[in-house]
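Enquirer: Got a structure for you, questions after.
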Amino acid sequence: MTVPAAPLRVAIIGSGPSGFYAAEHLQKKLPDVEIDMFDRLPTPYGLVRGGVAPDHPKIKSVTRIYDRIAAHPGFRFLGNVNIGSGIEHDELMAHYDAVIYATGAETDRQLGIPGEALAGSHAATEFVGWYNGHPDYRDRRFDLSATSAVVVGMGNVAMDVARILASSMGELTPTDISQHALDALRAGKVDTIYVLGRRGPAQAAFTNPELKELGELAETDVIVDPREIELDEHSALQLSGGEDRTAEKNLHTLQEFAARKPEGRKRKLVLRFLVSPVEILGGTCVEGVKLVKNRLVRGSGNDLKAEATGETETLPAGLVFRSVGYKGVAVPGVPFDPRAGVIPNVEGRVLAAPGAPEVLRGVYAVGWIKRGPSGVIGTNKPDSVETADRLLEDLASGAITPSPRGKRAEVDQVLRARGVQVVSYADWQKLDALEQAAGKPRGAPREKFTRVPEMLAAIQQREQ
C-alpha cells in the first residue's frame, strides 16, 4: 500500500492484549505510525494483569511482547486517563486520524434468581480482581469464614476461582497474588467448593489444562459423580465425530477424577453437572443454594439446551460466586448495543447505531468490546489484525486521511488543564521495578500496588 505523506495518528483506548495486538499490526504495516494508548488505570496489560490467575505466570509472560510493542519510537502510553472525564471521544476524534476502542468487558452477567443480592453473593469478577490487586476491587470483602462456597459456571474463570479457594498457602505464596488476599485466604475456613454446570461435561467451556490443574492441588480432593458425566445420546453423537478434541480430553479427565477415591485431604472440590441454581437461600446473608436438576434437549441447530426436570436439592453454602459471562459497558459518546454488551461494528468498523448501515468514519473496535467475551488471550490477535486491516483499507481508500493535527503536546495540554496526572510507560516501568522488589521477601514475582493514589505517589517519589 502507499505510505501516506503524513504519519497516521491513532488513539487506542485500552491497554489489554487486543489493544497491543492492534498497535503491533499497525506498526508492522506503517513503521512511522504514531500511536497513543490510553488506559484509565496507571498500569497497562488489562486482564493479563488484573484477570489472569496468579498461579499462571507463563500466561503473563506475554507482556514481554507488549513491552517490545511499547518500545516503538512512535508509541506512547497515557495511563490514568479516563475517557469521558480526562478526555472525551469528540476530542480524540479532533486530535487523531483514527480511534480504536479496546475497552474489554468490564462488568458481569447476573443469574437473575431470587436471593442474588444477599450478602455473600458475588460476581466472580469481583473476587478475581480482589485477589489480583485490581484497584476497582481492592477493598471488597468476602466472608471466607464460611466453610462452603458455590461457584456457578464452567468456564476458565470459574476454574480459577475454584482453584484459588482450594489452593494451599504453599501453592499461593510464591505467586503474585496480592498480600491482602493471601492473608484473608490463610485465615479463611472454606473447605468445600462446589462448581456448578447447567449442562453436561461435553458442553463445559473450560480448557483441559485448567481442568487438570484441579486434580494437582496438594490439599484438595476432586469429587465427580460418575452418573453426572454419563453422556446422553445427543452429547455422545456430538463427540462421535472426533472434531471436538477439547471436549474429549475434558471427558477423559473427568472420568479419571470420578474413578479416584477421596484421600481425606483438607479440602474437597465437587464438580457438578446438569444442575442450575434457582434460588440463593438466606435471611440477610447466603446460607444455601437451591438447585434444579436438568436434562439436555436439542435446541435450534445442533445446540443442546438445559431443560429443568423439576427435581431439586439444596446445597449448604456461605458464599456464592457467579461466573456466567462478562459484559461490556458503554463508552461516553460512542454507540453501544446494550443487549449484546458491545460497540456495534462490522469487522471492527463501528456502526452509527446497532443495526445501522452507516459506519463512523475513523472509529474502530477490537477485542471483547467488539465481539463479546469469548476466547483466550491469543484469540485477540487475529481479531485485532482484522480490525487493523479494515483501518488500513480505509486509509488506502481515502476514507480516513492523515492530516496535520498539531502536536502531541496539545493532547497533553488538554489533560493537564483537567488536572490529570498522566502515567507514561517509563513511569509504569518504575512501578514495575518497585513491585518486583517488594515481592522478593516472600519469593513472589511481585507485590502489586493496589490503589491508584499509592501508584501515583510512588511515581512522584521516584522522580524526586
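Enquirer: Any residue that is surrounded by fewer than 24 Cβ atoms within 10 Å (Cβ to Cβ), under 29 Å from Lys440 (Cβ atoms) and touching a strand residue (DSSP E or B) at 6+ places or on another chain (Cβ under 7 Å) - is there at least one of those in the range 191-211?
Expert: No, the range 191-211 contains no residue that is surrounded by fewer than 24 Cβ atoms within 10 Å (Cβ to Cβ), under 29 Å from Lys440 (Cβ atoms) and touching a strand residue (DSSP E or B) at 6+ places or on another chain (Cβ under 7 Å).
Enquirer: Additional query: In the range 329-355, what count of residues is obtained for those that are aliphatic (A, V, I, L, M) and surrounded by 15 or more Cβ atoms within 10 Å (Cβ to Cβ)? Break it down into steps so the answer makes sense when it comes.
Expert: First, the residues of the range 329-355 that are aliphatic (A, V, I, L, M): 329-331, 334, 340, 342-343, 346, 350-353.
With surrounded by 15 or more Cβ atoms within 10 Å (Cβ to Cβ) added as a condition, the list becomes 330-331, 334, 342-343, 350-351.
Qualifying residue count, the range 329-355: 7.
Enquirer: To continue, here is another question. Answer yes or no as to whether Asn132 is crowded, with 22+ Cβ neighbours inside 10 Å, of a type outside the set (Ser, Thr, Tyr) and not assigned by TED's automatic domain parsing to the domain that holds Leu392.
Expert: Yes.
Enquirer: Only one residue in Arg390, Arg322 is of a type in the set (Lys, Arg), modelled with pLDDT of 95 or more and within 30 Å of Ala146 (Cα to Cα). Which one? If you could, list the steps in order and put the result at the bottom.
Expert: Values: Arg390 fails: within 30 Å of Ala146 (Cα to Cα).
Checking each option against the conditions leaves just Arg322.
Enquirer: Turning to a different aspect of this structure: Listed residues Lys290, Lys266; which is exposed (fewer than 14 other Cβ atoms within 10 Å of the Cβ), charged (D, E, K, R), over 27 Å from the mean Cα position of the chain (by Cα) and not assigned by TED's automatic domain parsing to the domain that holds Pro54?
Expert: Lys266
Enquirer: What strands (runs of 3 or more DSSP E) completely inside the range 234-312 contain at least 2 residues that are in contact with a Lys or Arg (Cβ under 7 Å, 6 or more places away or on another chain) and modelled with pLDDT of 95 or more?
Expert: 275-281
Enquirer: Turning to a different aspect of this structure: Going through Ile100, Ile83 one at a time, which residue ends up being crowded, with 20+ Cβ neighbours inside 10 Å, under 22 Å from Thr401 (Cβ atoms) and touching a Leu at 6+ places or on another chain (Cβ under 8 Å)?
Expert: Ile100
Enquirer: Since Tyr45 meets every condition but one in (1) of a type outside the set (A, V, I, L, M, F, W, C); (2) modelled with pLDDT of 95 or more; (3) over 19 Å from the mean Cα position of the chain (by Cα), which condition does it not meet?
Expert: The one condition Tyr45 does not meet is (3).
Enquirer: For the range 61-74, enumerate the residues that are without any contact (Cβ under 8 Å) to a residue 40 or more places away in the chain, within 29 Å of Ile164 (Cα to Cα), not in a loop (DSSP other than H, G, I, E, B) and not acidic (Asp, Glu). Even if it seems obvious, please write down each step before you answer.
Expert: Step one: list which residues in the range 61-74 are without any contact (Cβ under 8 Å) to a residue 40 or more places away in the chain, which gives 61, 63-64, 67-68, 71, 73.
Imposing the further condition that a residue be within 29 Å of Ile164 (Cα to Cα) reduces the set to 61, 63-64, 67.
Now restrict to residues that are not in a loop (DSSP other than H, G, I, E, B): 63-64, 67.
Matches in the range 61-74: Thr63, Arg64.
Enquirer: Note down all Cβ pairs under 6 Å where the first residue falls in the range 208-224 and is assigned to a loop (DSSP other than H, G, I, E, B), the second is of a type in the set (Val, Ile, Thr), and they're at least six residues apart or on different chains.
Expert: Note: pairs meeting the criteria are Gly215/Val222.
Enquirer: Have a look at Val350, Val324, Val334 and point out the one that is in a loop (DSSP other than H, G, I, E, B), farther than 24 Å from Met154 by Cβ, touching a residue at least 60 places away in the same chain (Cβ under 8 Å) and of a type outside the set (Gly, Ala, Ser).
Expert: On the way: Val350 fails: in a loop (DSSP other than H, G, I, E, B); Val324 fails: farther than 24 Å from Met154 by Cβ.
Answer to the selection: Val334.
Enquirer: Quick check on Ala149: is it part of a strand (DSSP E or B), small (Gly, Ala, Ser) and within 22 Å of the chain's Cα centre (by Cα)?
Expert: Spelling it out, Ala149 is indeed part of a strand (DSSP E or B), small (Gly, Ala, Ser) and within 22 Å of the chain's Cα centre (by Cα).
Enquirer: All but one of (1) of a type outside the set (Val, Ile, Thr); (2) under 26 Å from the mean Cα position of the chain (by Cα); (3) farther than 20 Å from His134 by Cα hold for Ala6; which doesn't?
Expert: Failing condition for Ala6: (2).
Enquirer: State which residue pairs qualify: first residue in the same structural domain as Asp143 (by TED's automatic domain parsing) and more than 16 Å from Val128 (Cβ to Cβ) and inside the range 162-190, second residue among the β-branched types (Val, Ile, Thr) and surrounded by fewer than 16 Cβ atoms within 10 Å (Cβ to Cβ) in any location, beta carbons under 6 Å apart, and separation of 6 or more residues or different chains.
Expert: Sorted first by the residue in the range 162-190, then by its partner, the pairs are Lys189/Thr147.
Per-residue answers, yes or no, for (1) outside any helix (DSSP H, G or I); (2) more than 16 Å from the chain's Cα centre (by Cα); (3) within 30 Å of Leu185 (Cβ to Cβ):
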position: Glu24; (1), (2), (3): no, yes, no
position: Lys28; (1), (2), (3): no, yes, no
position: Pro54; (1), (2), (3): yes, no, yes
position: Arg76; (1), (2), (3): yes, yes, no
position: Ala105; (1), (2), (3): yes, no, yes
position: Pro114; (1), (2), (3): yes, yes, yes
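Enquirer: Is at least one residue of the range 90-102 assigned to a loop (DSSP other than H, G, I, E, B), in contact with a Phe, Trp or Tyr (Cβ under 7 Å, 6 or more places away or on another chain) and modelled with pLDDT of 95 or more?
Expert: Pass one, the range 90-102, residues assigned to a loop (DSSP other than H, G, I, E, B): 96-97, 102.
After this cut, where a residue has to be in contact with a Phe, Trp or Tyr (Cβ under 7 Å, 6 or more places away or on another chain) as well, the list is none.
No; the residues of the range 90-102 include none that is assigned to a loop (DSSP other than H, G, I, E, B), in contact with a Phe, Trp or Tyr (Cβ under 7 Å, 6 or more places away or on another chain) and modelled with pLDDT of 95 or more.
Enquirer: Sticking with this structure for a sec: Looking at the range 135-150 only, could you name the residues that are in contact with a Lys or Arg (Cβ under 8 Å, 6 or more places away or on another chain), among the aliphatic types (A, V, I, L, M) and crowded, with 19+ Cβ neighbours inside 10 Å?
Expert: Correct list: Ala146 only.
Enquirer: Also, I was wondering about something else. Which numbered condition trips up Leu251, out of (1) crowded, with 16+ Cβ neighbours inside 10 Å; (2) more than 21 Å from Asn208 (Cβ to Cβ); (3) not acidic (Asp, Glu)?
Expert: Of (1) crowded, with 16+ Cβ neighbours inside 10 Å; (2) more than 21 Å from Asn208 (Cβ to Cβ); (3) not acidic (Asp, Glu), only one is false for Leu251: (2).
Enquirer: For Ala202, indicate whether it is free of Cβ contacts under 8 Å to residues at least 40 places away in the same chain, touching a helix residue (DSSP H, G or I) at 6+ places or on another chain (Cβ under 7 Å) and small (Gly, Ala, Ser).
Expert: No: the conditions fail for Ala202.
The values are calculated or read from the model by the stated rules, or taken from the named source; none is laboratory data. None of these values were measured; they are calculated from a predicted model. Glycine also receives a Cβ, built like all others from the backbone with ideal geometry; neighbour counts cover every protein chain displayed.
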